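Since the structure comes first, as structure tokens, the remarks are kept for the end.
Taken together, the values in this text are just the output of simple stated rules run on the coordinates, not laboratory data. Note that the structure is predicted; figures quoted are calculated from it, not measured. Backbone-built Cβ (ideal geometry, glycine too); neighbour counts: all protein chains shown.
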Amino acid sequence: MFFARFSDAILGAVISAGSLLMLLVIIPISVQVPKSNKVLALSPDFWIKIIVWFSLFIGAYLFIQGLKTAKEELTEDQVAAIENIKNHHHPMGRSVLMAMLAIANLFVYYFLIDWLGMILASSISVVTFAVLCGERRYKIILPIAAFLPTGLYYFFLKVASIPMPLGIFE
Amino acid sequence: MLENITIAFQLFATIDNVAIVFIGVVIGCIVGAIPGMTATMGVALTLPFTFYLPPVTGILLLIGVYKGGIYGGSIPAILIKTPGTPAAACTVLDGFPLTQKGQANKALHMALYSSCFADFMSNIALIFFTGFIASFALKFGPPEFFSLILFSLTIIAGVAGDSLARGLISACFGLLLATIGLDLIYGTERMIFGETELMGGVKFIPVLIGLFAIPEIIDHYTKKYEHKKRFVGLGDEGVTMGEWKRCFKSVFRGSLIGVVMGAIPGIGGAPSAFLSYSEAKRTSKVADNFGKGELEGIAAAESGNNGVCGSTMIPLLALGVPGDVITAVILGAFMIHGLRPGPILFEQNITIVYAIFMGIMLSSVYLLIVGKAGIKLFARISDVPNSFLYPIVLVLCVFGAYAVGNTMFDLVVMIVMGLVGYFMLKFHIPAAPFLIAFILGPLLEDSFRQSLQLTRGDFSIFIRNPICWTFLSMTVLSIYVIIRRNIKLKKDRDLAAMLIE
């Protein structure tokens, strides 16, 4: 409920802080502006600054609006949306844990490609992701894990002439 | 002209092209039939497979997926009350009640015939109007393009969903990401932090896949595992000639609504379907049956959403600006194949344009054939559990993102964009404005700076002629209408809350 009530304000604060960080730190250190430039509007950082100023403005607007609406009662639509999420999602703690696991799995998949190559890493990831989803029908999962990456590997290699990494099997 | 058409026909009439449109429509129908897979996701996942294809073949594959996907979305909408694509949301209203009455087959056939008719009408509009608009756009220089693209960015309001502020934040993210790379005028570094892979800018496909597919996959893990068999059966009844005749007026009207609304950037299939539906209900003799399983309701909704398919390509091909998020992806595909849609494409590659028109016409025929032959198969597909689907989608994402440049760096971009997309999903920030801004951003900046280079920084170039004036006025007018609509919506909500109290 807290998150639903304050989501606008939190988002506005994050966007405003990010925009300020861009303006004060990131743009000055990462955008090279040649000294020969005489026209402000042609400077490499001009366009970027316009975008960031605009996002700062929107962030501030959202923050102020968010603080105002947080005091109001939730509308029927908002309550229904929260109920819908509750019905179809795991409880908050488990949801966060599962999302973190899925993200960690993405990185594991990435490092496995480097080590074991595209086919084997993909096969392992298909099984891992399906099992993590709660799927236990291995008679369907295992053939998908075996044939899909192999088929895609040969498609890209033979038809598109794009070699995929094979890791230690190279 | 006849010579160009002959060359275009030779360019188009190859076994590869004829087959690829068919394959595209089949893939599109399958993707559309799977709840949770949108036509946008389908086009995004197919895009990497077009790299090795000639431009016309690659573009036709994507157009086939697009058209099939929009029709396919009606299948789960009718059978399991879950629209496969947002555009099919209106089809649920009468489609599912017909399934409950045991007339799913009839509903699916009406959806198919209406979709094909509307798609055909939309293609005709595309062919007739695109060349005319493009010939007008040949007069455009950098300032005219700047004002046009600025106006096109107002389509973000149309795809922003409930909150315009969130849509604008999303667009800012997209515009900002598009500035990464070497500066076009001075060649200096912009936000690349010493990473040589970023010198050419962030690649489109890893961003696209990361933004549209990865967040859905991550989010799926936060959901409870549930799989109940929802598909009950189709029934035997088809659509009779009498029923088709009775619904034809709504189909025709819906097609026209779709064509007009599709040609206006930012509106898309869902509003068009709802407008067509409400018009059909308003004028129908059996208005009371709408919402309870009325065949005319399906006809109106489906002709409304499929009517936009061809006409959304009008601004894309004629002016080089996308009409919605799928045409934004197709614009990216054109660029990947070294083509820039717009008047220059008509001037320099008219045969390619004609060949694409031929393929688009063929796609309507294929839609009818594939749809009719595959109804039973697509109906079964709509019941595929997501626990199998998402691991498959993930593998397609990884292969597709890697294939862009044969580098692991693109996978990093895809994963990072996936995390950004997940953050956006959790905070209800729509992804479509991000993508549209990411594609239009460089075009906008280039035309802005080219214009100022011409005048050494004099901004008066942006109001130099009536074309600039017209587009700038339209931009101001659009912003005014959008703000006014938002204020009115807020007032309505406040009033409703007061009345409840």
**Q.** Theoretical FRET efficiency, 1/(1+(r/R0)^6), r = Cβ-Cβ of B:S473 and B:V365, R0 41 Å, to 0.05
**A.** 0.45
Q.
Given the -39500 (n - 2.57) contribution per DSSP H run of 4+ residues, what per-residue ellipticity at 222 nm results for chain A, rounded to the nearest 500 deg cm²/dmol?
A. -23500 deg cm²/dmol
Q | Inter-chain shielding of A:58-65 (mean C-beta neighbours from other protein chains, 10 Å cut-off) | A | 3
Q) Among B:T38, B:T327, which comes first, then next, by fewest other beta-carbon atoms within 10 Å? A) B:T38, B:T327
Q) Per the Cauchy relation, a quarter of the hull surface: what is the mean projected area of the convex hull of the alpha carbons in the stretch B:201-322, in nm²? A) 11.9 nm²
Q: For an R0 of 35 angstrom, estimate the FRET efficiency from the Cβ-Cβ distance between B:M335 and B:L377 and round to the nearest 0.05.
A: 0.50
Q. Straight-line reach from A:K35: which lysines have Cα under 28 Å away, leaving out those fewer than 8 places along the same chain?
A. A:K49
Q: Taking the Cα centre of chain B as origin, work out the dipole magnitude from +1 charges on Lys and Arg Cβ and -1 charges on Asp and Glu Cβ, in debye rounded to 20.
A: 1200 debye
Q. Any idea what log10 I(q)/I(0) is at q = 0.07, 0.10, 0.11 Å⁻¹ for chain B, Debye with uniform C-alpha scatterers and no solvent?
A. -0.37, -0.77, -0.94
(Q) Semi-axes of the equivalent ellipsoid for the stretch A:2-88, please: Cα gyration tensor eigenvalues, times 5, square-rooted, ordered largest first, whole Å. (A) 39, 12, 10
Q) When the helix-only estimate is applied to chain B (DSSP H runs of n ≥ 4, each -39,500 (n - 2.57), divided by the residue count), what is the mean residue ellipticity at 222 nm, nearest 500 deg cm²/dmol? A) -23500 deg cm²/dmol
Q) How long, wide and thick is the protein assembly as shown, going by the Cα atoms along their three principal axes, in whole angstroms, largest first? A) 76, 67, 57
Q) Helix B:325-336: angle to the longest alpha-carbon principal axis of chain B, degrees 0 to 90, nearest 10? A) 50 degrees
Q. With labels modelled as points extended 7 Å from the Cα through the Cβ direction, what inter-label distance (nm, one decimal) is found for B:I463 paired with A:I50?
A. 1.6 nm
(Q) More than 20 angstrom separation, counting every C-alpha pair in the stretch B:322-381; what % is that? (A) 46 percent
(Q) Please list 3J(HN,Hα) in residue order for the stretch A:96-109, calculated via the Karplus relation 6.51 cos²θ - 1.76 cosθ + 1.60 where θ = phi - 60°; whole Hz, with x for glycine and proline. (A) 4, 4, 5, 5, 4, 4, 5, 5, 4, 4, 4, 5, 4, 4
Q) Hey, rough spin-label estimate for B:T188 and A:R94, points 7 angstrom out along Cα→Cβ, what's it come to in nanometres? A) 5.5 nm
Q.
Counting only other chains, and only Cβ atoms inside 10 Å, what mean value do you get across the residues of B:178-185?
A. 4
**Q.** Environment charge at B:I192 (Cβ cut-off 14 Å; Lys +1, Arg +1, Asp -1, Glu -1)
**A.** -3
**Q.** Cβ-based net charge around A:D8, under 14 Å, with every Lys or Arg adding one and every Asp or Glu removing one
**A.** +4
Q: Rank the residues B:F459, B:F448 as a footprinting-exposure proxy: fewest other Cβ atoms within 10 Å of their Cβ go first.
A: B:F459, B:F448
Q) Per residue of B:166-177, what is the mean number of Cβ atoms on other protein chains within 10 angstrom of that residue's Cβ? A) 5
Q: Give A:K68/B:K490; B:K245/B:K372; B:K67/B:K376; B:K67/B:K372; B:K101/B:K223; B:K106/B:K245 a once-over and call out the pairs whose C-alpha atoms are over 25 Å from each other.
A: B:K101/B:K223
Q: Pull out the extension gain between B:S278 and B:I15, defined as 0.36 nm times the separation in residues minus the alpha carbon to alpha carbon distance; nm, one decimal.
A: 90.4 nm
Q. Where the only charges are on Cβ atoms (+1 Lys, Arg; -1 Asp, Glu), what is the dipole of the stretch A:2-88 about its Cα centre, to the nearest 20 debye?
A. 580 debye
Q. With a Cα-only, solvent-free Debye model of the stretch B:304-424, what are the log10 I(q)/I(0) values at q = 0.10, 0.12, 0.15 Å⁻¹?
A. -0.50, -0.72, -1.05
(Q) Can you sort A:D8, B:D492 from fewest to most other Cβ atoms within 10 Å of each residue's own Cβ? (A) B:D492, A:D8
Q.
Using Cα-Cα distances under 8 Å and only pairs 6 or more residues apart, what relative contact order does the stretch A:92-169 have, in percent?
A. 38 percent
Q) In percent, what relative contact order does chain B have, based on Cα pairs under 8 Å that are 6 or more apart in sequence? A) 27 percent
Q: Using the Kirkwood radius over Cα pairs, work out the Stokes-Einstein diffusion coefficient for the stretch A:92-169 at 25 °C and 0.890 mPa s, in µm²/s as a whole number.
A: 182 µm²/s
Q) In whole angstrom, how long is each semi-axis of the equivalent ellipsoid of chain A, when you take the square root of 5 times every eigenvalue of its Cα gyration tensor and sort them from largest down? A) 42, 32, 12
